[in-house]
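Quick one: structure below, then a few questions.
The values are calculated or read from the model by the stated rules, or taken from the named source; none is laboratory data. Note that the coordinates shown come from a computational prediction; the quantities given were computed from them, not determined experimentally. Methodologically, a virtual Cβ is constructed for each residue, glycine included, from the backbone with ideal geometry; neighbour enumeration extends over all protein chains shown. For the accessible areas, the whole protein counts, side chains as well, though only heavy atoms, and no ligand, DNA or RNA atoms are used. Shrake-Rupley method; radii C 1.70, N 1.55, O 1.52, S 1.80 Å.
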Amino acid sequence: MRAAATKRLEARPGEAEVATLDAVAAAVRAGLLGPRKHLPPWLFYDARGSALFEEITALPEYYLTRTEREILVREAGAIAAAAEPPLEVVELGAGSAAKTEILLEALLEQQARVTYLPLDVSPAALTSARARLRRLRRVTVRPIVARYPEGLRLLPASDGQRRLVVFLGSNIGNYDPPAARLLLTGVAQGLRPGDALLLGADLRKPPRDLLPAYDDAQGVTAQFNKNVLARLNRELDADFDLDAFRHLARWNARRCRIEMHLESMRAQRVPLRALGVEITFARGERIHTESSYKLTLVGVRRLLAAAGFRAEASWTDPRRRFGLTLGRRVPDRDGSGGDLGERLTVERV
Ligand code: AVJ
């Protein structure tokens, strides 16, 4: 049942953009063959990784999802109104769409039907998003399996409605500042003046409050981090011994980001048979698997402005742990924003 639904998703046009073996192999070549080992965070999200991430969102230490949901529960009506319906909703990195559901329900009080286009690298996550939203009869779901800078090109042209792009969960935090600006510029270029972007960002706070969210007592985040090695074992016929690596979460104060690493606990060689290479690790050597930047609301507004959006409003929780900011696509300085040709281009990160 689940498998069949996934197949159907994968058979859609856009299959070429799916995180295929080629993309995995390319990411591994780029990240593990040089002296400073790193892997891109999208690699976390195979079916198992997406399920582990869902577990993370329910952990007592992981306040992000809970706090963002709390803001949405309280403010979804106001956010929907501020975005100016009727709207068509596009979501980058939709996952299971648990929080977006709140926004869609609020939107349904302000317009009769909603078209919802969730993009995600994980077909399994999109299958559960679709199942979750089935009860909202007036929402039409059109899932797109893709990574997001590239996936934006796969969006069908809008039916003339204003578009609201939602980018929740502090997914933007995975991008360093120049890459974040480039990504949002790409989003802006796919939009018309008047379209909107709702951006969720985890806000700066003392590291003692942040670190437990990335190093939980139950070790779910450690499993999530190590799952990337299990994925490489399976997909690239590699031979990582998961017990020979440990999960690390560190606060990088200079760059205002949490970093996750996998540290090799001994000197070892790991064959990656599908690539015909062997990777050598010194004892204590690390693979940098994720950065999670923490922003300020001022920083979010600057980022939006640099990408071609005017920040119109922000909503936060009483403790200011998390912020949602609504940006409005402004016309390009040369006034060219919004013709259909431009809508289909995207800058690559
Ligand atoms: C999905 C990128 C927002 O950075 O908090 C959770 C991913 N990594 N625990 C984050 C994550 C470890 C998460 N984002």
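What residue among Arg328, Arg74, Arg310 has the largest mean-square fluctuation in a Gaussian network model of the chain, using Cα springs under 10 Å?
Looking only at Arg328, Arg74, Arg310, the biggest GNM fluctuation is shown by Arg74.
Now for a different question. Please state the shape class of segment 240-303: rounded when a/c is under 1.5, otherwise prolate if a/b exceeds b/c and oblate if not, all from the C-alpha gyration tensor.
In terms of gyration-tensor shape, prolate.
Hey, another quick one. Counting only helical runs of four or more DSSP H residues, what would the 222 nm mean residue ellipticity of the chain come to if each run contributes -39,500 (n - 2.57) and the total is spread over all its residues?
Using -39500 (n - 2.57) per qualifying helix, the result is -10500 deg cm²/dmol.
Once the Cα gyration tensor of segment 170-217 is found, what semi-axes does its equivalent ellipsoid get, as square roots of 5 times the eigenvalues, in whole Å, sorted largest first?
One finds semi-axes of 29, 11, 8 Å for segment 170-217.
Would you please calculate the Kirkwood hydrodynamic radius of segment 59-182 over all C-alpha pairs and express it in Å, rounded to one decimal?
Hydrodynamic radius (Kirkwood, Cα only) of segment 59-182 equals 15.0 Å.
Moving to a separate point now. Please state, as a whole number in µm²/s, the translational diffusion coefficient that the Stokes-Einstein equation yields for segment 284-330 at 20 °C and 1.002 mPa s, with Rh defined as the Kirkwood radius across alpha carbon pairs.
Estimated via Stokes-Einstein, D reaches 172 µm²/s.
Same structure, new question: Go through Met260, Leu33, Gly151 and say which Cα lies farthest out towards the positive end of the charge dipole of the chain; charges sit on Cβ, +1 for Lys and Arg, -1 for Asp and Glu.
Sorting the options by dipole projection puts first Met260.
Mind jotting down the distance between the C-alpha centroids of segment 227-296 and segment 146-219, whole Å?
So the two Cα centres are separated by 24 Å.
Which of Glu105, Glu259, Glu278 ends up with the largest GNM mean-square fluctuation for the chain, with Cα atoms connected below 10 Å?
Among Glu105, Glu259, Glu278, the largest mean-square fluctuation in the Gaussian network model of the chain belongs to Glu278.
Using just the C-alpha positions of the chain as equal point scatterers, what log10 of I(q)/I(0) does the Debye formula give at each q in 0.10, 0.12, 0.14, 0.15 1/Å?
Here log10 of I(q) over I(0) equals -0.60, -0.88, -1.20, -1.37.
May I ask you to derive the relative contact order of the chain, considering only C-alpha pairs under 8 Å and at least 6 residues apart, and to give it as an integer percent?
Relative contact order here is 21 percent.
Counting only DSSP beta bridges with both residues in the chain, what percent are antiparallel, rounded to the nearest 5?
That works out to approximately 65 percent antiparallel.
Still on this structure, please answer the following. Starting from the Cα of Lys37, draw a straight line to each of the aspartates and glutamates and keep only those under 15 Å, dropping any in the same chain fewer than 8 residues away.
Counting by Cα, and skipping residues close in sequence, Lys37 has these aspartates and glutamates nearby: Glu259, Glu263, Glu278, Glu285, Glu290.
Work the Kirkwood hydrodynamic radius out for segment 202-344: mean of 1/r over every pair of different alpha-carbon atoms, inverted, in Å.
Here the Kirkwood hydrodynamic radius works out to 18.5 Å.
So for segment 38-101, taking the charge dipole from beta-carbon charges (+1 Lys/Arg, -1 Asp/Glu), which of Gly49, Val89, Tyr62 sits furthest toward the positive end?
Tyr62
Here's a follow-up. Tell me, what is the Rg over Rh of segment 142-259, with Rh the Kirkwood radius over Cα pairs?
1.05
Between helix 47-57 and the chain, what is the angle of the helix's C-alpha long axis to the longest principal axis, kept within 0 to 90° and rounded to the nearest 10?
With rounding to tens, the tilt is 70 degrees.
Let me ask something else. What number comes out for accessible area per residue over segment 186-329 if the probe is 1.4 Å? Units Å², please.
With the other protein chains kept in place, segment 186-329 gives 42 Å² per residue.
Leaving out ligands and nucleic acids, note down the accessible area per residue over segment 85-163 with a 1.4 angstrom probe, in whole Å².
Result: 37 Å² of accessible area for each residue.
In terms of Cα to Cα distance under 13 Å, which aspartates and glutamates are near enough to Lys99, apart from those fewer than 8 places away along the same chain?
Straight-line reach from Lys99, under 13 Å: Glu54, Glu68, Glu70, Glu75, Glu91.
A further question follows. Once you've got the GNM for the chain with C-alpha springs shorter than 10 Å, pick whichever of Gly323, Gly284, Gly95 has the biggest mean-square fluctuation.
Comparing Gly323, Gly284, Gly95 in a Gaussian network model of the chain, the most mobile one is Gly284.
Follow-up. Leaving ligands, DNA and RNA out of it, report the carbon-plus-sulfur percent of the accessible area of segment 170-269 at a 1.4 Å probe.
Ligands and nucleic acids excluded, carbon and sulfur reach 46 percent.
Are there trypsin sites (Lys or Arg not before Pro) in segment 248-294 that DSSP puts in a loop and that have at most 13 other Cβ atoms within 10 Å, and which ones?
Arg254, Arg255, Arg266, Arg283
From the C-alpha gyration tensor of segment 202-259, pull out the three semi-axes of the equivalent ellipsoid (sqrt of 5λ each), sorted largest to smallest, in whole Å.
Ellipsoid semi-axes (Å, largest first): 27, 12, 9.
So, with +1 on the Cβ of K and R and -1 on the Cβ of D and E, and no other charges, what is the size of the charge dipole of the chain about its Cα centre, to the nearest 20 debye?
In total the dipole reaches around 400 debye.
Please list the equivalent ellipsoid semi-axes of segment 101-162, computed as the square roots of five times the alpha-carbon gyration tensor eigenvalues, in descending order and whole angstrom.
The equivalent ellipsoid of segment 101-162 has semi-axes of 20, 16, 8 Å.
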